[in-house]
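Following: one structure in structure tokens, then a few remarks.
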């Protein structure tokens with residue numbers, strides 16, 4: 001039997017996990033914000049690392065966002081910088097897959113992306129909130145053009161495979177009807193005097209007035225089929241408001257309250273109202289890796305690719321790192337520097353001998369990495385736009401694929417398109433992870449066809465990244481428990497002798513690129529201060 | 001300490017046995033390690049955790065563990081590595097793998113909230129009696145409960 005948990009003893013982490021598992025990271029972040037965990041970026045503009053002692057060398061491990069930001073800033077400050085990167089490319093999880101790209105996951109399954117030119121999927125981060133000032137500032141300084149990312153699309157779907165005969169429901173219907181029904185119920189309670197203890201007569205009147213607007217209620221405070229509710233939730237057909245002698249509009253019928261409540265679809269509506277997911281959000285034009293690539297272009301000669309770190313050692317004079325060619329193996333190589341900034345994910349670093357203090361070592365070994373899976377599926381035509389008028393945004397479903405994301409680029413241009421064919425968390429992410437890429441893609445197409453029947457005829461090719469199979473991260477992000485963070489986070493963020501760590505794992509914005517950027521800037525600023533002070 | 005038998009031998013035995021059973025009883029087709037994994041668990045809801053639906057050790061291994069430790073339980077190597085569970089002397093005491101499954105270890109997430117005590121016992125017993133591991137003692141569900 002499963003142990004039964006006292007609901008009153010639930011910890012914040014349990015709650016976050018519960019929410020995260022059930023509704024994806026989006027809702028987890030929403031809850032984190034509510035619980036005072038996620039917050040606005042601390043970015044305060046470009047850092048000033050003036051007065052770097054001549055000839056001081058810093059070795060950076062990892063060329064993801066944290067490593068690239070550090071290389072970019074430290075080199076400009078005058079340090080002698082070298083970067084070792086495991087992959088045959090820079091960017092880390094800030095990554096875009098395009099036609100011709102190849103990816104071999106752990107287990108040896110190799111995928112070749114067969115997307116048409118101009119089409120792509122971001123298997124890692126895919127959106128930048130307006131308050132991630134560091135990411136936005138680097139995009140601006142490096143002249144990487146951004147475009148809007150619309151998290152919310154009222155014409156996308158909310159889908160419960162067990163309700164409404166499995167037919168996906170338009171977001172706008174669920175949104176309007178849920179608000180309408182709760183406004184009607186609350187009005188009833190007010191009009192029956194059931195809230196008299198809570199409200200003055202004046203406030204009751206003010207509340208009723210606002211509920212009528214908020215829920216689109218009629219003069220008797222009822223939510224019914226009408227011109228007004230059709231203007232809110234839409235007409236039965238989008239073309240019904242024609243001109244001339246075209247047919248008169250047909251009002252649409254709201255979903256019954258009991259069916260709506262039973263479906264639970266209103267629970268999905270929280271996502272675009274989360275602090276991290278509200279408008280305006282952005283994506284780099286052409287793929288998320290554009291920002292990382294712009295940083296890389298600036299520091300490329302300093303970066304050695306295909307370098308697999310096998311040991312990190314230090315003494316009172318400097319740091320010595322052993323590495324091998326990640327593809328060909330062979331002789332061990334050595335890199336030595338005065339200081340080291342290590343951005344290797346803790347899932348990897350915990351398996352590498354590293355000479356740091358016991359508290360930092362314990363911290364390195366204490367962060368579980370979350371499972372997540374993302375699909376990119378190419379279709380012969382953009383049926384979601386042509387047939388269903390869904391331009392960008394996300395549909396949510398209780399199927400194991402959990403989400404379908406529509407491309408924000410190339411809208412209404414016709415031709416082929418690539419959908420985010422699934423963005424999976426929780427138990428289903430582990431189950432997808434246990435499959436071969438071919439099996440995952442077959443399943444994602446089979447499941448997605450329950451929402452878009454066009455899948456069957458229009459699917460062309462796909463790629464999938466299951467983050468626990470990623471050779472360079474062995475997981476998606478460091479999902480610190482409250483207890484582990486409390487115990488280890490400060491130790492993790494120290495400068496331990498001549499070694500310091502950075503990355504999303506060393507931030508309070510886990511999983512976000514902004515966390516990696518801020519962690520990098522904070523750490524190199526402290527390291528710089530220490531270097532200047534001891535020079 | 002049990003002596004690990006060669007992996008290929010134990011796998012072959014295991015497959016033959018399953019095939020015979022399937023033929024004899026007309027049970028649903030037995031799956032080998034490289035067959036498609038079992039169907040998905042139902043998604044969690046706002047009021048309950050996501051839980052793995054499968055109950056027997058072999059199916060749980062194929063639905064979860066093989067994703068990282070691989071179908072042959074030999075692990076995988078990239079920038080870091082996933083350890084092999086095949087012929088693994090660290091499995092000599094059932095408590096160790098049970099604790100790792102429940103609480104996680106290093107980057108491996110804890111599975112205590114996703115699995116019942118019975119499921120943890122099932123999957124630990126499966127791994128300790130396959131892939132060249134031949135530990136005769138079985139972990140009980142009550143023992144798992146005490147480790148939580």
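Values for this structure:
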read-out	value
Number of positions in the stretch A:211-228 that are part of a helix (DSSP H, G or I) and either touching a strand residue (DSSP E or B) at 6+ places or on another chain (Cβ under 7 Å) or more than 23 Å from residue A:192 (Cβ to Cβ) (or both)	2
Residue identified as within 14 Å of chain B (Cβ to nearest Cβ), under 29 Å from residue B:111 (Cα atoms) and surrounded by fewer than 22 Cβ atoms within 10 Å (Cβ to Cβ) among A:367, A:362	A:362
The stretch A:300-314, subset surrounded by fewer than 16 Cβ atoms within 10 Å (Cβ to Cβ) and touching a residue at least 12 places away in the same chain (Cβ under 8 Å), residue nearest to residue A:88 (Cα to Cα)	A:304
Flag for residue A:263 being in contact with a helix residue (DSSP H, G or I) (Cβ under 9 Å, 6 or more places away or on another chain) and buried (at least 18 other Cβ atoms within 10 Å of the Cβ)	yes
Selection count, the stretch A:105-134, where residues are in contact with a helix residue (DSSP H, G or I) (Cβ under 8 Å, 6 or more places away or on another chain), over 24 Å from residue A:440 (Cα atoms) and part of a loop (DSSP other than H, G, I, E, B)	2
Number of the condition not met by residue A:356 [criteria: (1) assigned to a loop (DSSP other than H, G, I, E, B); (2) without any contact (Cβ under 8 Å) to a residue 24 or more places away in the chain; (3) away from chain B (no Cβ under 11 Å)]	(2)
Any chance residue A:471 is at pLDDT 95 or above, more than 10 Å from chain B (Cβ to nearest Cβ) and not in a helix (DSSP H, G or I)	no
Matching residues in the stretch A:315-339 - criterion: being touching a residue at least 24 places away in the same chain (Cβ under 8 Å) and assigned to a strand (DSSP E or B)	A:319, A:321, A:323, A:333, A:335, A:336, A:337, A:339
Test: residue A:275 is in contact with a strand residue (DSSP E or B) (Cβ under 7 Å, 6 or more places away or on another chain) and either within 14 Å of chain B (Cβ to nearest Cβ) or in a loop (DSSP other than H, G, I, E, B) (or both)	no
Scan of the stretch B:71-127 for residues that are within 10 Å of another protein chain (Cβ to nearest Cβ), farther than 17 Å from residue B:148 by Cα and buried (at least 23 other Cβ atoms within 10 Å of the Cβ), ordered by number	B:79, B:80, B:82, B:107
Candidates A:408, A:435, A:403, filtered to the one that is under 16 Å from the mean Cα position of the chain (by Cα) and within 14 Å of chain B (Cβ to nearest Cβ)	A:403
Hits in the stretch A:488-512 - residues which are within 14 Å of chain B (Cβ to nearest Cβ) and more than 25 Å from residue A:90 (Cβ to Cβ)	A:488
Residues (free of Cβ contacts under 8 Å to residues at least 12 places away in the same chain, assigned to a loop (DSSP other than H, G, I, E, B) and within 23 Å of residue A:427 (Cβ to Cβ)) located in the stretch B:67-86	B:75
Residue selected from the stretch A:371-400 under the condition within 15 Å of the chain's Cα centre (by Cα) and in a loop (DSSP other than H, G, I, E, B), by the criterion farthest from residue A:173 (Cα to Cα)	A:371
Criterion: at pLDDT 95 or above, within 12 Å of another protein chain (Cβ to nearest Cβ) and surrounded by 20 or more Cβ atoms within 10 Å (Cβ to Cβ) - qualifying residue of A:323, A:268, A:296	A:323
Selection within the stretch A:370-385 - within 16 Å of residue A:405 (Cα to Cα) and away from chain B (no Cβ under 14 Å)	A:374, A:375, A:376, A:377, A:378, A:379, A:381, A:382, A:383, A:384, A:385
Among the candidates A:429, A:444, residue that is touching a strand residue (DSSP E or B) at 6+ places or on another chain (Cβ under 6 Å), in the same structural domain as residue A:112 (by TED's automatic domain parsing) and under 19 Å from residue B:111 (Cβ atoms)	A:429
Odd one out for residue A:351 among (1) within 24 Å of residue A:494 (Cα to Cα); (2) away from chain B (no Cβ under 14 Å); (3) touching a strand residue (DSSP E or B) at 6+ places or on another chain (Cβ under 7 Å)	(2)
Residue among A:148, A:117 that is under 30 Å from residue A:266 (Cα atoms) and assigned by TED's automatic domain parsing to the domain that holds residue A:374	A:148
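The values are calculated or read from the model by the stated rules, or taken from the named source; none is laboratory data. This structure is a prediction, so every number in the text was calculated from the model and none was measured. Note that each Cβ is placed from the backbone with ideal geometry, even for glycine, and that neighbours are counted across all protein chains shown.
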